[in-house]
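Student: I have a structure I would like to understand better, so I am pasting it below and will then ask my questions one at a time.
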Amino acid sequence: MIKIAIVDDMRANIDNIALEVNKFFRNKSIPFRVSCYENPKNFIYDMEEHQYFDICFLDIEMPNINGMELAKVINRTMKESYVVFITSHMEYAIDGYELNISRYIPKSLINKKLPIALKDLTAEICNREKESYIIKTNSRFEKIFYKDIYYIFKEGKNSIFVTASGESRERKSISDVYNDLNSEEFLIIDRGFIVNAPHIMKIHNNLVILRNGINLSVSRSHMNEVKKKIIQFWRVNV
């Protein structure tokens, strides 16, 4: 399911965008969910409560917090989310370069430009979701998308996958799971723990703080490598 957020202080604008979004996904028979916010603070609250959105349509000129500031919060909280500005102020396009904005759509061209943006972004999201881990047993076959994995930990002879929808287990060692994942986004932070880097929100002392609010300890022997990889992932210049 593709999750969409629309944030605009004008209800008429929200309804217009929502109409195009609904039309696009229903015509494509793609599962989706739309959440609408007239108050940006409510949107931020839901993000802080670990609500995730694949695509965020934002107005720029809003009271209390503008779209540029809101995009910064999204970049910190939902690094994999696509941000699309729907605005009458195209002069902001240059200012938004460093915010990794996916699209700028003039409000006067919503009917024409928004379906094109949805087509492109949906294709990117679907390609990204092809990255998955398969658990196969005699009685169970389970597919877990990489983006849904928060972390994996060892419990006896099992590896436990902690995901957005709960926990899954596989009778396999942590080292074998890590090799099977074969992705630079996954980091070993201790002998019995693997963490998915896109879900790391903060490193403090010897802890990593994840999107779902969980704090995990990083062993002293792994700390330097974890910091190095997180800096690379966040594209921070130091």
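Student: Where the Cα atoms of the chain are projected onto their three principal axes, how long is each span, largest first, in whole Å?
Tutor: The Cα atoms of the chain stretch 58, 44, 25 Å along their principal axes.
Student: Could you check how much of the accessible area of the chain is carbon and sulfur, as a whole percent, using a 1.4 Å probe?
Tutor: 47 percent
Student: Quick one: accessible area per residue over segment 32-79, 1.4 Å probe, rounded to a whole number of Å²?
Tutor: Values: 2140 Å² over 48 residues.
Per residue, segment 32-79 has an accessible area of 45 Å².
Student: Calculate how many DSSP beta bridges within the chain are antiparallel, expressed in % of all such bridges and rounded to the nearest 5.
Tutor: Taking every DSSP beta bridge within the chain, about 60 percent pair in antiparallel fashion.
Student: Suppose we flag GluC sites (Glu not before Pro) only when DSSP calls them loop and at most 10 other Cβ atoms lie within 10 Å. Which is the longest uninterrupted stretch of the chain?
Tutor: Value returned for the longest uninterrupted segment is 50-183.
Student: Evaluate the relative contact order of the chain (contact order divided by residue number), counting alpha-carbon pairs under 8 angstrom at least 6 apart; express in whole percent.
Tutor: 12 percent
Student: Here's a follow-up. Cα-based Rg of segment 151-233 per 2.2 N^0.38 Å, rounded to two decimals?
Tutor: So segment 151-233 has a normalised radius of gyration of 1.02.
The values are calculated or read from the model by the stated rules, or taken from the named source; none is laboratory data. For clarity, every value in this text was computed on a predicted model and none was experimentally measured. Cβ: placed from backbone, ideal geometry, glycine included. Neighbour counts: every protein chain shown. Areas reflect the complete protein model, heavy atoms only, side chains present, ligands, DNA and RNA absent. Shrake-Rupley method; radii C 1.70, N 1.55, O 1.52, S 1.80 Å.
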